[in-house]
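Values in this text are rule-based calculations from the coordinates and carry no lab data. Keep in mind that this is a model prediction, so the values were computed, not measured. In this analysis, Cβ positions are derived from the backbone assuming ideal geometry, glycine residues included, and neighbour counts consider all displayed protein chains.
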Amino acid sequence: MLFADINWDNVLKLCGNKNVKVTDLPKFPEVKRDLALLLDNGKTFKEIYNLAFQSEKYLLKEVDLFDVYQGGELPKGKKSYAVSFVLQDENKTLEDKQIDKIMQKLQATFEKNLEAVLR
């Protein structure tokens, strides 16, 4: 058995005058995919982030950078970004074909706009 005593007055004080938006938990699962991109040193994660959301406005929910690698076997002036993408449809479960199409579109966008190469 579990018990929790929450002092809502304190919780509301901590929130201040901020509007808090509460939504239902999603009914359909999210899907996470990763890409490792080889880029010029001058390219930034912000460029990847912005291009991703321009490319897929509806189903893309998150874009996160989880690793940056430079040196070693990489060509001079290049770096590798490992980026994760979270996709989710609020109305249905995503199918593999749909996910693959979105990931191919994202990859093509990065290749065209950032001269990125899949690593």
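Around ASP64, what is the net charge, scoring Lys/Arg as +1 and Asp/Glu as -1 over all other residues with Cβ under 11 Å from its Cβ?
On the way: positive: LYS32, LYS61; negative: ASP34, GLU62, ASP67.
Within the 11 Å Cβ shell, the charges total -1.
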Give me the percent relative contact order of the range 24-118, please, defined on Cα pairs under 8 angstrom at least 6 residues apart. 41 percent
Within the range 52-72, list the residues whose amide N lies under 16 Å from a label point set 7 Å along Cα→Cβ of LYS101. 55-60
Peptides 3-16, 103-116: what's the order by average Cβ count within 10 Å, highest mean first? 103-116, 3-16
Flagged links, alpha-carbon separation over 24 Å, of LYS43/LYS105; LYS43/LYS112; LYS79/LYS105; LYS13/LYS61; LYS32/LYS92: LYS13/LYS61
Just one of (1) 1.43; (2) 1.07; (3) 0.98 is Cα Rg over 2.2 N^0.38 Å calculated from these coordinates, so which is it? (1)
Taking the Cβ-Cβ separation of THR93 and PHE53 as r and a Förster radius of 22 Å, what is the calculated FRET efficiency to the nearest 0.05? 0.50
Let me have the 222 nm mean residue ellipticity of the chain computed from DSSP H runs of 4+ only, each contributing -39500 (n - 2.57), with the sum over all residues rounded to the nearest 500. -10000 deg cm²/dmol
Measuring from label point to label point, each 7 Å out along Cα→Cβ, what is the ALA82 to ARG119 span in nm? 0.9 nm
Take LEU2 and LEU25, extend 7 Å from each Cα along the Cα→Cβ direction, and tell me the distance between the two endpoints in nm. 1.0 nm
Can you tell me the FRET efficiency between PHE45 and LEU14 if r is taken as the Cβ-Cβ distance and R0 is 30 Å, rounded to the nearest 0.05? 0.45
Residues with beta-carbon under 14 Å from that of GLU111, excluding GLU111: net charge, scoring Lys, Arg +1 and Asp, Glu -1? +1
